[in-house]
């Protein structure tokens, strides 16, 4: 008599054979070849579009470097939001970009970029942004950048009306400052004549020209840049405690 077989029990070999005989469901991605099936070495690569396979993509969240325009606190925000609260002073901060291409009389505060185009005229109010680009006219009010202010070709302004830690002179721009000027970092693509003091680094880019009197800790003139100035390049001097003399 035949031997009794155990019900609902499969050995490993029977399982592999059953999987190999299974037909794929229409529209589903192909399964890996069975252990006893060899893939030809000259087989063409599988086309994901023909097989219906999907390629997953990972999106890196947008990162914003924010400096509070009320208290100066610096932090980072991830995501696509256009407003956030300062973790220190709790004020609601806007970090949208703003474009001014006509007459303007209101104050704008943002942790983003403000651009006053060649057709823009600031009549009154303050422009406060992380980056401020001046290509038009400042008749009244002020422009203050939390990081960099860029002066473009054709910009008209009073030197007292613009302020920022860093200065950038755009390509094609030519400026002659009458007052003593102090910035942290200065980047020159155009032409600047000034009595300039820098606490960081001055970089003259190809096509740029710096003239006048310059006092800085670091100066870089790239190939194609020009320099025609009285220079004093020295590292930052540490303060001497009262009652002591320098060697």
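Each reported figure results from applying straightforward, stated rules to the coordinates on display, with no laboratory input. This structure is a prediction, so every number in the text was calculated from the model and none was measured. Every residue, glycine among them, receives a Cβ derived from its backbone with ideal geometry; neighbour counts consider all protein chains shown.
Neighbour counting of Cβ atoms within 10 Å sorts the residues 205, 90, 184, fewest neighbours leading, into 90, 184, 205.
Taking 7 Å steps out from each Cα toward its Cβ at residue 102 and residue 227 produces label points 4.7 nm apart. Extension gain for residue 234-residue 109 works out to 41.3 nm (0.36 nm per residue, less the C-alpha to C-alpha distance).
By how many nm would the segment from residue 174 to residue 124 grow when fully extended, if each residue of separation counts as 0.36 nm and the alpha-carbon distance is taken off?
On the way: separation 50, 0.36 × 50 = 18.00 nm, distance 2.49 nm.
Full extension of this stretch gives 15.5 nm more.
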